[in-house]
Amino acid sequence: MKILLTNDDGYYAAGMKALARMMSKEGDVNVVAPKRHQSGMGMAVTLGMKPIAYKDLGFKDGVKWAYLDATPASCIKYALNFDYPGHYPDVIVCGINHGSNASTAACYSGTLGAAQEGALNGITSIGVSVDNVRPDASFESVEKFFPEIFHKIMENARPGDGVYYNINFPDLPPEEIKGIRVCTMGKGRWIKELVEWNPELFLKRGIPPEFFRGEHSPHPEEGEKIFMMAGQYEDDPKNGISADHRMLEEGYITIVAHNLDTTDYIEDERLKSLGIEKDFR
């Protein structure tokens, strides 16, 4: 099995290393991951005539490593163009992300953006996250339970249908995980999202500023104010028990099957019923 890996935390992240160890037991593993932290990039690609640096880092424990100074989706594009000419990998796995990608975090996630890029190219694609943003997060539960989930997905894969999978693990040891649930994407939003730049907020979450490789030391130009994304999550009261973030909080591993086709077919039919369609000739 040919397996392509990427993430949005950077090639050096502990989650990436843990995922490479796991997947090396399943087939031939190729890592093309961002040079720098790329969280929140969604399916963005590195455009604007910007030079993109690539570095082959060689093999380690049977895994081929490389970084690209670009977004996660761009990493997938690079690998498909240069590493798999004429024959794409069997699966793309993105992660292990430091932090949950449940609920509407899925809309922003660079991890899932890379999975979308894979699905766009007809490849079975999976995003994996653990609900802990610390650089030293434990991946013990992922290593214990993900292989079984991976095998089940691969045995029943639907490549070419636009499906990609969002799997989130609670920040719990294996013995405290309650089970696995197939869920719907939870709904909610973040409020009070922008605050003045304060690296102390990283420290409170267990993230040393140096983890961001220089991004924690902005040098504002005259007249500039520096802000950062923080915010509070506001849950939608209409969420049911099957919402992924709620099941994650209850101690379950959650799986949501997303699709590239975001058409609201019910609304399409409602618009037609309103007579909005018209012929001009």
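The values are calculated or read from the model by the stated rules, or taken from the named source; none is laboratory data. Remember, it's a predicted structure, so these values are computed and weren't measured experimentally. Cβ: placed from backbone, ideal geometry, glycine included. Neighbour counts: every protein chain shown.
If you go through the stretch 101-125, how many residues are farther than 16 Å from LEU19 by Cα and not in a helix (DSSP H, G or I)?
8
Could you look through the stretch 207-249, keep only residues that are out of contact with any helix residue (DSSP H, G or I) (no Cβ under 7 Å at 6 or more places or on another chain), within 27 Å of ILE180 (Cβ to Cβ) and in a loop (DSSP other than H, G, I, E, B), and pick out the one that is modelled with the highest pLDDT?
Per the criteria, the residue is SER242.
Going through the stretch 27-41 one residue at a time, which ones are over 10 Å from ALA70 (Cα atoms) and touching a Cys at 6+ places or on another chain (Cβ under 7 Å)?
Result: VAL32, single match.
Starting from the stretch 89-100, take each residue that is in the same structural domain as ARG21 (by TED's automatic domain parsing) and surrounded by fewer than 24 Cβ atoms within 10 Å (Cβ to Cβ) and list its partners that are aliphatic (A, V, I, L, M) and outside any loop (DSSP other than H, G, I, E, B), counting only C-beta distances under 6 angstrom and pairs at least six apart or across chains.
Close Cβ pairs (under 6 Å, with a partner that is aliphatic (A, V, I, L, M) and outside any loop (DSSP other than H, G, I, E, B)) amount to VAL91/ILE3.
Of all residues in the stretch 33-62, which are surrounded by fewer than 20 Cβ atoms within 10 Å (Cβ to Cβ) and in a strand (DSSP E or B)?
Hits for the stretch 33-62 are TYR54, LYS55, ASP56, LEU57, GLY58, PHE59, LYS60.
Conditions (1) assigned to a helix (DSSP H, G or I); (2) at pLDDT 90 or above; (3) more than 22 Å from ASP90 (Cα to Cα), marked per residue:
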residue: ARG134; (1), (2), (3): no, yes, yes
residue: ALA137; (1), (2), (3): no, yes, yes
residue: VAL142; (1), (2), (3): yes, yes, no
residue: PHE146; (1), (2), (3): yes, yes, no
residue: PHE150; (1), (2), (3): yes, yes, no
residue: ILE153; (1), (2), (3): yes, yes, no
residue: ILE167; (1), (2), (3): no, yes, no
residue: LEU203; (1), (2), (3): yes, no, yes
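For TYR67, only one of the following conditions fails: (1) free of Cβ contacts under 8 Å to residues at least 60 places away in the same chain; (2) of a type in the set (Ser, Thr, Tyr); (3) assigned to a helix (DSSP H, G or I). What is its number?
Tallying (1) free of Cβ contacts under 8 Å to residues at least 60 places away in the same chain; (2) of a type in the set (Ser, Thr, Tyr); (3) assigned to a helix (DSSP H, G or I), TYR67 fails exactly one: (3).
Can you spot a residue in the stretch 258-274 that is touching a residue at least 60 places away in the same chain (Cβ under 8 Å), at positive phi and in a loop (DSSP other than H, G, I, E, B)?
No; the residues of the stretch 258-274 include none that is touching a residue at least 60 places away in the same chain (Cβ under 8 Å), at positive phi and in a loop (DSSP other than H, G, I, E, B).
Scan the stretch 1-26 residue by residue and report those that are touching an Asp or Glu at 6+ places or on another chain (Cβ under 7 Å) and under 21 Å from TYR164 (Cβ atoms).
Listed by number, the residues that qualify are MET1, LYS2, ILE3, GLY15, MET16, ALA18, MET22.
Just give me the residues in the stretch 15-57 being more than 19 Å from PRO89 (Cβ to Cβ), small (Gly, Ala, Ser) and modelled with pLDDT of 95 or more, in sequence order.
Matches in the stretch 15-57: GLY15, ALA18, GLY42, ALA44, ALA53.
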